[in-house]
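Encoded as C-alpha cells, the structure appears first; notes follow it.
The values are calculated or read from the model by the stated rules, or taken from the named source; none is laboratory data. Bear in mind that the values here come from a model prediction, so they are computed numbers and not experimental data. Note that each Cβ is placed from the backbone with ideal geometry, even for glycine, and that neighbours are counted across all protein chains shown. Accessible surface is based on the protein model in full, side chains and every heavy atom, while ligands, DNA and RNA are left aside. Shrake-Rupley method; radii C 1.70, N 1.55, O 1.52, S 1.80 Å.
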Amino acid sequence: MTVSEQIKQYWEAKSLTPLDDMGLKPTGRDPYLQRAVEAAMLKHLPAGKKVLDVGCGDGVSTKEFAKNAKSVVAIDYVENYVKQAAELCASEGLKNVTCLHGDILKLSETVKPYAPFDVAITLRCLINLPEEKLQFQAVDNIFDCLAPGGLYLLSEGWSESWSALDDCREQCGLDKMYLVPHNQLISKERMIAHLAPKADLIAYESLGFYVFLSRVLQPLVMAPEAPQHLHAINRVATDLQRAGIAPAEFDKIGYPGVCVFRKKA
Ligand SMILES: C[S@@+](CC[C@H](N)C(=O)[O-])C[C@H]1O[C@@H](n2cnc3c(N)ncnc32)[C@H](O)[C@@H]1O
C-alpha cells in the first residue's frame, strides 16, 4: 500500500468515529482553533459567491462558509464524510450546498460541471498529501477551477512557523510540538513562489496570537498536566482573535495562518 493509500485509509477509519475518546473531532481536534480559522477565512469571503471547499470532512466549516454564499460545492475523498457533510448542511436548512465524492488530485473530474468558482478553500487538506510535489499539483488543480480574479483561501500548516513555534516553546522549557506522522507541513515561502506566476498573495491572517496563548501559555499554565484543547484559555484566545486582537509580534509562530491568494486575470 502506498503512503497516500494509508492516509486515505486513516481518514476512512476516522470517519466512522465522529468524536474520539476525548470528545474531539478527528478532523479538527482543537475546536477553538477551528473557529478562529473560520473567522479569519470568513473575513475574506465575500458574500454571494460560488465557493469550493476541498477536503470538507464532516462539513463543520462548510456550513459556516455556506451561510453567506450563493452556492458551495464541498468535496472529500471519504464517502462517509461526504454523507456527513451533506446531512449537517441539510440539518442547518442550507439548500445551497452540494457535497461530492472526489479527490483533490483529480479535482476537475469531480467539479467540472460546477466550475468556475469565485472562491476555493482548503482547511487542513493539502497537509494530508505526502509530498510537496502532490501539494503543488493539488493547488494547480484548484487554480484550474477558479475564475480569473477568484480567491483561494488556505489554512494548512506552515513549516517555517511550526519551527518558530518549536523555538519559542524550547525557550520556555516546553517540548517540541507533536506532529501527526502523516502530516506534511508546507513551506509558505515555497508555496508563494510556486503560485507567483498565477496568483498574488493579497492578505495573510497569521493566527499567531491564538497559537501563542494555546500552544505556549496554556501548556505553561497546565504543567505538569497535559494541555487541553477545550481549555478556557483557548476559548478566550479565539474570542480575542475573532475580535481582531492579534498583536503582530506573534505572527512568526502562526503555523495555521490563513493565506488569501487572488488568481491573476
Ligand atoms: C483534517 S480534516 C479537515 C476537514 C475539514 N476541512 C475541517 O476543517 O473540518 C482533512 C480532510 O481532508 C480530506 N482529504 C485528505 N486528502 C484528500 C484528498 N486527496 N482529496 C479530497 N479530500 C481529502 C480527509 O478525508 C479529511 O476529511
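Just for region 114-129: of the residues that are within 10 Å of the ligand (Cβ to nearest atom) and open to solvent by less than 40 Å² (accessible area, probe 1.4 Å), which one is farthest from the chain's Cα centre (by Cα)? The selected residue is L129. Please determine, by comparing only the residues of region 227-242 that are surrounded by 14 or more Cβ atoms within 10 Å (Cβ to Cβ) and not in a helix (DSSP H, G or I), which one is nearest to the chain's Cα centre (by Cα). Filtering region 227-242 for residues that are surrounded by 14 or more Cβ atoms within 10 Å (Cβ to Cβ) and not in a helix (DSSP H, G or I), the one nearest to the chain's Cα centre (by Cα) comes out as H229. Of the residues Y152, Y255, Y178, which is farther than 18 Å from V37 by Cα, among the aromatic types (F, W, Y) and either at pLDDT 95 or above or not in a helix (DSSP H, G or I) (or both)? After applying the criteria, what remains is Y178. Scanning region 1-21 for residues that are open to solvent by 70 Å² or more (accessible area, probe 1.4 Å) and touching a Lys or Arg at 6+ places or on another chain (Cβ under 8 Å), we see that the one that is modelled with the lowest pLDDT is P18.
Every test in (1) open to solvent by less than 60 Å² (accessible area, probe 1.4 Å); (2) touching a residue at least 60 places away in the same chain (Cβ under 8 Å) is passed by V139 save one, and that test is (2). Contact annotation: residue pairs with Cβ atoms under 7 Å, 6 or more positions apart or on different chains, pairing a residue in region 237-265 that is of a type in the set (S, T, N, Q) with a partner that is open to solvent by 70 Å² or more (accessible area, probe 1.4 Å) and modelled with pLDDT of 95 or more, are T238/R35.
Assess whether A120 counts as being in contact with a helix residue (DSSP H, G or I) (Cβ under 7 Å, 6 or more places away or on another chain) and part of a strand (DSSP E or B). For A120, the condition - in contact with a helix residue (DSSP H, G or I) (Cβ under 7 Å, 6 or more places away or on another chain) and part of a strand (DSSP E or B) - is met. For I245, the stated conditions do not hold, so it cannot be described as surrounded by fewer than 17 Cβ atoms within 10 Å (Cβ to Cβ) and in a helix (DSSP H, G or I).
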